[in-house]
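Data first, discussion second: the structure below is written as structure tokens.
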There are 4 protein chains.
Amino acid sequence: MTTPETAHGIGMAVIGAGYWGPNLVRNISGSAACDLRWVCDLDVSRARGAVGRYSTIGVTDDIEDVLRDPNVQAVAVATPAHTHAEVALACLEAGKHVLVEKPLAWTVAEGEKLVDAAADLGLVLMCDHTYCYTPAVQEIRRLVREGEVGDIHYVDSVRINLGLLQPDIDVFWDLAPHDLAILDVVLPAQSRPVAVSAQGADPLGTGFACVGYLTLRLEGGGVAHTHVNWLSPTKIRTTIIGGSERMVVWDDLNPSQRLCLYDKGVDIVDGSSSESAEVRRDRTVSYRSGDLSAPTLSEREALSAVIEEFVASIREGRAPLTDGRAGLRVLQILEAATVSMRQDGATIPLVHGVEHHH
Amino acid sequence: MTTPETAHGIGMAVIGAGYWGPNLVRNISGSAACDLRWVCDLDVSRARGAVGRYSTIGVTDDIEDVLRDPNVQAVAVATPAHTHAEVALACLEAGKHVLVEKPLAWTVAEGEKLVDAAADLGLVLMCDHTYCYTPAVQEIRRLVREGEVGDIHYVDSVRINLGLLQPDIDVFWDLAPHDLAILDVVLPAQSRPVAVSAQGADPLGTGFACVGYLTLRLEGGGVAHTHVNWLSPTKIRTTIIGGSERMVVWDDLNPSQRLCLYDKGVDIVDGSSSESAEVRRDRTVSYRSGDLSAPTLSEREALSAVIEEFVASIREGRAPLTDGRAGLRVLQILEAATVSMRQDGATIPLVHGVEHHH
Amino acid sequence: MTTPETAHGIGMAVIGAGYWGPNLVRNISGSAACDLRWVCDLDVSRARGAVGRYSTIGVTDDIEDVLRDPNVQAVAVATPAHTHAEVALACLEAGKHVLVEKPLAWTVAEGEKLVDAAADLGLVLMCDHTYCYTPAVQEIRRLVREGEVGDIHYVDSVRINLGLLQPDIDVFWDLAPHDLAILDVVLPAQSRPVAVSAQGADPLGTGFACVGYLTLRLEGGGVAHTHVNWLSPTKIRTTIIGGSERMVVWDDLNPSQRLCLYDKGVDIVDGSSSESAEVRRDRTVSYRSGDLSAPTLSEREALSAVIEEFVASIREGRAPLTDGRAGLRVLQILEAATVSMRQDGATIPLVHGVEHHH
Amino acid sequence: MTTPETAHGIGMAVIGAGYWGPNLVRNISGSAACDLRWVCDLDVSRARGAVGRYSTIGVTDDIEDVLRDPNVQAVAVATPAHTHAEVALACLEAGKHVLVEKPLAWTVAEGEKLVDAAADLGLVLMCDHTYCYTPAVQEIRRLVREGEVGDIHYVDSVRINLGLLQPDIDVFWDLAPHDLAILDVVLPAQSRPVAVSAQGADPLGTGFACVGYLTLRLEGGGVAHTHVNWLSPTKIRTTIIGGSERMVVWDDLNPSQRLCLYDKGVDIVDGSSSESAEVRRDRTVSYRSGDLSAPTLSEREALSAVIEEFVASIREGRAPLTDGRAGLRVLQILEAATVSMRQDGATIPLVHGVEHHH
């Protein structure tokens, strides 16, 4: 049964019905702007489970059913990470716009192939950096971009819990993409990451780090640090942003107060660059100990905003907020982190080849 | 007015009545085992303020009054850090046992001088690592030492708040000594720190880092990491210890539940060292997701336990739990951290010359 | 497409697709033991919205479609409260088992009619007391029933938030049914409510109390108290149970620690009833200040357990845990509370006509 | 040794060195405006313990030493509650200003005697309602008095913990005085308590309630409710104030956020008194769901502010914020609560004979 609005909806398919796929199915089928035609998984019973027992949505284990369906204009890919590039490329070459679950690909090289292919074919390539579409991150981005936070002094994020050890990746590749994707949309141009240092520990001797610390040097002297951990008994999802004007604390596990803004800060008379550190140091540092405020945030599901942005970028023929390039920048940092870790935490400079579109 | 018990109390003096001195005065004068005779400060009005307007305790601005008083057997030094060595040495040479506020001294070289002098003169040299005497740390030490935690996988501590920028030291030297002193009493011999890496940021351009991250490599493959920060809008004092048997979370700002023990953990069949990581990785990792328990802790003030240990070590002629050597080990790590920071976070090996007495 | 298992599923329908209906639809359609055939609402677009745009489930605005469908063996009723009795009765008379959203009915008289009808027709009448099926309440029930809590000294529950003022009921009828339903399954026979006192406030002058306090006197000298409030800026969902052996704190908004058990308690040598209070009072009261433990609870959605119990009671021809009688006992307390409130909080005795089946 | 300022300090004494006395000694001896001359206790060793082993303050077990000392102008009384009246009266009759620990006296009759005596003798009689001098309560009083909270809809306070059972009083007389004293300074004249209802439970059969619920009817239709409990495993100190303009949440155990202000509220077009409730009910109720803000509060110890107010009222010859009359109003409510409890929670009207001085 096709209602008028779905007739104008964008024909879609979801490939991969494992952990994340069902969430895509739920949100896409719930969007009036989409017309979900297929759910595809090599294990068709998983595809069937994702749509439920009362659904009219087609299920298949053959990706060709999706690729050759002229009514499918866009595909959401949620297959295992090491297959992202292959599947996404097939979709692009079949003329479909593509939304890829994070990480964009298994390597920077693969990611670049996807970005180039999408550019050549004039198709939308979007990376599903879900957290970037939460009301909290959207508000943080606004606060930073509109200058309410001031210069970025530091960003400290903690993403730890008792996680399932991944058989083929370390904790950086599993958890850090979230924080790196958030930094990518939040940090202003003058605070871009310029170097990476990573410290990982493998106390279980599995061959992959399950505890990791990532330090990003930012232009302008700031620092961003992320603690990712699979062996923490408590779940923590906190990000603190220290700015020259205000400070922000985002506790994603505290629904009644996810975002706190502090008027606290440090005032220091800004000296001319010619002035020496010694001179500046001798000046009195004055403290502002101000009030706390917590804005009300909508409780909208981020993934529905992801779908909305995907649809909008297709309709408007523009790059989405988290396009392939954003996914690529995240991959570059992850690869640099891997190199740093192998060199006992040596600081690895980042080459900036991937410009921003926003 | 001398009551019988104070007649047998150890004659004491406090030198330095600034920030920490008054706490020493309050706890020493409250101890029946001590007979507090002098409070000395170059600014005698501060000494007077520390004893209050109704006190019989002598106040002076002349350290000689303390040194030549034959009834003074022990001195607590709470002067500025860069004067610790000079003042403590003078006390030792005058034949007084010495309790020094953290850090033991301004440099490792100075600290070694103090340790050697105390050894030569057969006097007690104790470092006031207050946190080590909190009921929480005492319990953590017991849990680790008695094997209830198992092998140490990682220790992650966060010590951040909106702090006063120090004019002459960075955030590592100001805050990290607490965490390093705690690690020193908690970690078992097979998990000693072997290398240090430090990342600091000076976004205010004061010439000193006010945001810092310290990574300690532990024998046996574990890691200890500390985040110290003067620019955090929220105060956090949390330490998580991940072990092979249990995990411990210490939140010092949650009096109703300072210590949480988790039966959560990861089981992995231990492989012979000959076995390759690949083989171990392929084995199934089994999870134990267990219950939480929070032991009741006494609310005793740690500093009173410090005085008790100082007195006991003097009476028993033994090294205190946090002796000069412990203070020296902390200084060694701090100096290595400074070197690492100057080398962009390079990993600096630790030379272990200072053996433990416990 | 009917899979083998659904062929044996119980044919079901959901009547009412407003606030709660969609949750019933989601859980019933997700249950392999059910075969959801209809969603009915006077506003058919709401019914359609509840099943989504890709569903094979029938939608209708005519209850007759449901009643005359021989394949519908059971109906879940989620219509406005004042219509529960009429709709549920129609379903029973059509030979369908019925699950009614709380409260069972608008009045005790109506509720009794439903209970009698179900009994006469040999059909299952279940009240959807959802909270009773949460892992937390199930565990509390076990702890109390198995004597781990000991004698019930008090139960204090707080259920407050900034709620929508209801146009036709007060805050007691809106929120208290949850707490009363929970007490009904948790309290042992020897601690049944025997009298009710209610204090309500209508500071907005709407004609209905929006702040309410309910006190239940329990057999054996205990007390149960509930604070319900539509005007609270913060959302609180906490229940404390004080027992002679242990104490339990249930904070439903703290997923990492929903349930806390305390070994804390008061020991008092039990005196023979002949003994006077004065004598008992003089005895020393000894305190046990013990440890805290928090059991791990499953995160299963309660409503799926409601459906499971509904199905099981139909298959086994037995009364469900929260049968019509449970709903009736809740209604009796609510009506007594209304009487008490009109009499300035006078204590109203409860007549116990409705026996328990468990 | 008398410094110039103490020469002009008010001569003081503390009578009673049990639980609260030492806090008075510490704060009075720390105040430059006071000259503490005596600490008196029937057990002189407790008095000695309160001043410490290095003090010049006089200690005695003979109240006459205090009463006949012409340099003692004011006395702080911290003896057992049932002796407050006798001791305070003796001090007043000796011409001393008096600060009495809460409750003012054992009965209203005794309290009236004290108030009258102080009035006749032209002396200051102050009740140590310590909480009223916390920065949090001072700020709440300001917010309410300056109209920022609007009309008081309700005040809900919870004061529970695992407390020591008192041998001679119930939980109302032990804990509720705090909440009643706070209400006394916070509530504006148009929201005075007009009636009391109390529900107590004595599940331990000690002859005294250890769980209590107190409901105060306020002028203007508001309500104030207090939950006091000696048998709670968790300590809770929370007060919620619902107003027509703003809502306030005071969590005294959360130092980082003791006070929260919510712009949340309910808007309802105010109807003329002639208008019926039915009409008002039918109007749309509009919700404002606003932001949260938490003002920074000083961490000053309340008791030092109590001493400051006591000294100021003596010097200025005025009634202190919490004068004898305030203590009397608290006693009147406590006695009414006792009556209500004996009558199964019947609502007892309050006779208002005691006018406010502020």
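The values are calculated or read from the model by the stated rules, or taken from the named source; none is laboratory data. These numbers were taken from a predicted model, which means no experiment stands behind them. Methodologically, a virtual Cβ is constructed for each residue, glycine included, from the backbone with ideal geometry; neighbour enumeration extends over all protein chains shown. For accessibility, only protein heavy atoms count, side chains too; no ligands or nucleic acids. Shrake-Rupley method; radii C 1.70, N 1.55, O 1.52, S 1.80 Å.
Structure notes:
- Take D:Glu245, push a point 7 Å out from Cα through the beta-carbon direction, and compare it with the same point in every other copy: 2.9, 5.4, 6.0 nm, smallest first.
- Note that the protein assembly as shown presents 38 Å² accessible area per residue, ligands and nucleic acids not counted, probe 1.4 Å.
- Set of aspartates and glutamates with alpha-carbon distance to A:Lys96 below 12 Å, sequence-local pairs under 8 removed: A:Asp69
- Accessible area buried, both sides summed, chains D and C with 1.4 Å probe, Å²: 4300
- Comparing the full protein assembly with the isolated chain (1.4 Å probe, heavy atoms, ligands and nucleic acids excluded), the residues of region D:203-218 losing at least 10 square angstrom of accessible area are D:Pro203, D:Leu204, D:Gly205, D:Thr206, D:Gly207, D:Phe208, D:Val211, D:Tyr213, D:Thr215, D:Arg217.
- Position A:Asp62, label points 7 Å along Cα→Cβ, spacing to each other copy in nm (shortest first, one decimal): 4.2, 10.4, 11.1
- Computed about its Cα centre, the charge dipole of region A:10-123 is approximately 520 debye, with only Lys, Arg, Asp and Glu carrying charge at their Cβ.
- Burial of accessible area (probe 1.4 Å, heavy atoms of protein chains only) in region B:49-66, relative to its chain alone, reaches at least 10 Å² for B:Arg53, B:Tyr54, B:Ser55, B:Thr56, B:Ile57.
- Minimum Cβ-to-axis distance in chain B for the rotation onto chain C, with residue, whole Å: B:Ser293, 2
- Most simply put, the protein assembly as shown has about 60% antiparallel DSSP beta bridges, counting only bridges with both residues inside it.
- Kirkwood hydrodynamic radius of the protein assembly as shown, from inverse mean 1/r over distinct Cα pairs, in Å: 35.8
- Counting only Cβ charges, +1 for Lys and Arg and -1 for Asp and Glu, the dipole size of chain A around its Cα centre is about 540 debye.
- Burial ranking of peptide ranges C:201-209, B:316-324, A:297-305 (average Cβ count within 10 Å, highest at the top): C:201-209, B:316-324, A:297-305
- Computed log10 I(q)/I(0) for chain D at 0.12 Å⁻¹: -0.93, from the Debye equation with unit scatterers placed on every C-alpha and solvent omitted.
- Just so you know, the Cα atoms of region C:10-56 work out to an Rg and Dmax of 9.7, 28 Å.
- Computed per residue of chain B from DSSP H runs no shorter than four, each worth -39500 (n - 2.57), the mean residue ellipticity at 222 nm is -10000 deg cm²/dmol.
- Neighbour net charge for B:Leu259 - beta-carbon separation under 9 angstrom, K R +1, D E -1: -1
- Relative packing of A:149-157, A:85-93, which averages over residues the other C-beta atoms within 10 Å, highest first: A:149-157, A:85-93
- When Rg and Dmax are taken over the Cα atoms of region C:100-161, they come to 15.8, 41 Å.
- Over 17 Å [Cα-Cα, region A:10-123], rounded percent: 50
- Using a 7 Å Cα-to-Cβ projection, C:Gln343 label spacings across copies, nm, ascending: 1.4, 8.4, 8.5
- Short to long, the 5 Å bins of the Cα pair-distance histogram for region C:71-212 hold 2, 9, 15, 17, 17, 17, 13, 8, 3, 0, 0 percent of all pairs.
- Heavy-atom accessible surface of chain A: percent carbon and sulfur, 1.4 Å: 52
- Average silhouette area of region B:181-250, convex hull of alpha-carbon atoms, in square nanometres: 5.8
- Region C:75-96 versus region D:119-136: alpha-carbon centroid distance in Å: 63
- Applying 1/(1 + (r/R0)^6) with R0 = 35 Å to the Cβ-Cβ distance of D:Glu316 and D:Thr296 gives a FRET efficiency near 0.75.
- Note on chain C: antiparallel DSSP beta bridges, both residues inside, total approximately 60 percent of the bridges counted.
- Protein-protein interface of region B:335-349, residues with accessible area decrease of at least 10 Å², isolated chain reference, 1.4 Å probe: B:Asp344, B:Gly345, B:Thr347
- Each of D:Val351, C:Val14 has its accessible area taken with a 1.4 Å probe; listed largest first, they run D:Val351, C:Val14.
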